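Okay, structure first, notes after.
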Amino acid sequence: MSEDIKALLAARAAHWQRTRRLTAVLLVLWFGSTVGTVFFARELATVTVFGWPLSFYLAAQGASLLYLAILGVYALFMARQDRRFARALAQAGAPS
């Protein structure tokens, strides 16, 4: 197997390993925020934010903002990952 092919396979494996790791972390954050808000609703209701119980605030607005932040983080990190992968492909001499 040529060195170029080995470099391409290594770059592809690293790219997908980082992608899976990022996806797993963001899914855990999503799951934790979704289930945590519901599971701890009574405890969160004792804390108020702008006059509203924290559980209501998280369910009505906070979770949606967190989901939007998760999407933004995913888009930013994946754009960076894709640029890094494209550089690795260019260094290996692969056609884009």
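Observations
- Relative contact order of the chain, defined on C-alpha pairs under 8 angstrom at six or more residues apart (%): 41
- Counting only Cβ charges, +1 for Lys and Arg and -1 for Asp and Glu, the dipole size of region 3-92 around its Cα centre is about 300 debye.
- Length gained on full extension, residue 60 to residue 76: 3.2 nm, using 0.36 nm per residue less the C-alpha separation.
- Fewest-first ordering of 35, 73 by other beta carbons within 10 Å of each residue's beta carbon gives 35, 73.
- Listed residues 2, 75, 91: farthest to the positive end of the dipole of the chain (Cβ charges): 2
- Listed values (1) 7.6; (2) 16.6; (3) 9.3, entry calculated as mean projected area of the Cα convex hull in nm²: (1)
- Among 72, 62, 51, the largest mean-square fluctuation in a Gaussian network model of the chain, built with springs joining Cα atoms closer than 10 Å, belongs to 51.
- Axis of helix 3-39 versus longest Cα principal axis of the chain: the two differ by about 0°, to the nearest ten degrees.
- MRE, 222 nm, helices only [DSSP H, n ≥ 4, -39500 (n - 2.57), over the chain, to nearest 500]: -26500 deg cm²/dmol
Every number here is computed from the coordinates shown, using simple stated rules; none is lab data. Quick caveat: nothing in here was measured; it's all calculated off a predicted structure. Because the Cβ atoms are built from the backbone with ideal geometry, glycine has one as well, and the counts that use them run over all protein chains shown.
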